[in-house]
Amino acid sequence: MSSDDERAPAFGWRIGRFGAIASTSDEARRRALAGDPGKLWIVAEAQTAGRGRRGRVWVSPAGNLHASALLVDPCPQARATELGFVAGVAIVRSARDLATRARLKWPNDLILDGGKCAGLLVEGLQLPRGGFACIVGFGVNCASAPEAVGYPTATLIDSAGGKILADDLFVRLRTRFAEALETWQGAGFSAIREAWLAHAGPVGERIRVSTQRDRREGLFEGLDVDGRLLFRGKGGIETIETADLWILPAPDDPPVADVSALAGERA
């Protein structure tokens, strides 16, 4: 069951809180279609049907953070994909507020010591009365991380090795997300892109990308002005709009896990 929506102190957002729920994003979608004006957080203690990019399962046990933000007509529809970077800036700043070393990985992951500890998912829908809604889902491993999902995972911890509570992270996230939105809507995507890159891996980091056509290894060269990946491969620098990306170890580091199995990603 949900409590009555409460007024959040950060920029006038409301919060709907649940115990166990199928999906916070699905609840946000239901409310959008019912006429909710937006600026609403849906937060749950656990999810029974959490999902990620391309329909992948996101394991959502109690103790981790499961939250979705509902926005109605936040921008021209053509710019809605930029919200993934807004969300990335918000979650990495929230994590670092709590003294963690987490950083960003394109397109929408938070990683700690090489393991994925959070994923983001942005979904849009047309509203029956006109306009459109955007739902930004956050899944963060605070208490536990899934195992045997085909890629390295991590639990978000602070610099002293202590666990970060989901409620503490959400207090930071709701403020940081509102701040990042304000920056984006005021200063544009270039300001968010700059902030995103400041919290990402260094240019020249070894990466592997997997697209619908192939899988290749190369170097991370940053983002273009629209947020697409700049990838340096054997043929030089190219722009990639959609792909899965993994950070590879330096030549003297131990190998990373095989990433052929991708179930379990939120985003």
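Take the range 125-150 and flag every residue that is free of Cβ contacts under 8 Å to residues at least 60 places away in the same chain and in contact with a Ser or Thr (Cβ under 8 Å, 6 or more places away or on another chain). ALA145, GLU147, listed by residue number. Pairs meeting the criteria (first residue in the range 195-206 and more than 13 Å from ALA250 (Cα to Cα), second residue modelled with pLDDT of 95 or more and among the aliphatic types (A, V, I, L, M), beta carbons under 6 Å, at least 6 apart or on different chains) are ALA195/VAL89; TRP196/VAL89; HIS199/VAL92; HIS199/LEU104; ALA200/LEU104. Scanning the range 125-183 for residues that are surrounded by 14 or more Cβ atoms within 10 Å (Cβ to Cβ), in a loop (DSSP other than H, G, I, E, B) and among the hydroxyl-bearing types (Ser, Thr, Tyr) turns up SER144, TYR151, THR155. Select from the range 213-253 the residues that are modelled with pLDDT under 95 and β-branched (Val, Ile, Thr) and write down the one among them that is surrounded by the most Cβ atoms within 10 Å (Cβ to Cβ). The selected residue is ILE247. Quick check on the range 119-137. Is at least one of its residues farther than 21 Å from CYS75 by Cβ and not aliphatic (A, V, I, L, M)? Within the range 119-137 (the criterion being farther than 21 Å from CYS75 by Cβ and not aliphatic (A, V, I, L, M)), the answer is yes, since at least one residue qualifies.
From the list GLU82, GLU123, the one residue that fits, being charged (D, E, K, R) and in contact with a Phe, Trp or Tyr (Cβ under 9 Å, 6 or more places away or on another chain), is GLU82. I'd like to know if the range 116-136 contains one or more residues that are in the same structural domain as THR24 (by TED's automatic domain parsing), more than 22 Å from ILE42 (Cα to Cα), under 14 Å from the mean Cα position of the chain (by Cα) and modelled with pLDDT under 95. Yes: one or more hits.
Checking each residue in the range 107-124 for being part of a strand (DSSP E or B), out of contact with any helix residue (DSSP H, G or I) (no Cβ under 7 Å at 6 or more places or on another chain) and touching a residue at least 60 places away in the same chain (Cβ under 8 Å) picks out ASP109, ILE111, LYS116, GLY119. Among the candidates ALA191, ALA145, the residue that is among the aliphatic types (A, V, I, L, M) and closer than 30 Å to ASP73 by Cβ is uniquely ALA191. Kindly indicate whether ALA62 is assigned to a loop (DSSP other than H, G, I, E, B), over 22 Å from ALA195 (Cβ atoms), out of contact with any Ser or Thr (no Cβ under 8 Å at 6 or more places or on another chain) and modelled with pLDDT under 95. Against the criterion (assigned to a loop (DSSP other than H, G, I, E, B), over 22 Å from ALA195 (Cβ atoms), out of contact with any Ser or Thr (no Cβ under 8 Å at 6 or more places or on another chain) and modelled with pLDDT under 95), ALA62 qualifies.
None of GLU82, GLU27 is more than 30 Å from ALA187 (Cβ to Cβ), of a type in the set (Asp, Glu), modelled with pLDDT of 95 or more and outside any strand (DSSP E or B) except GLU27.
The values are calculated or read from the model by the stated rules, or taken from the named source; none is laboratory data. Owing to the predicted nature of the structure, the values given are computational and were not obtained by experimental measurement. A quick note on method: Cβ atoms are made from the backbone with ideal geometry, for glycine too, and the neighbour counts reach across all protein chains shown.
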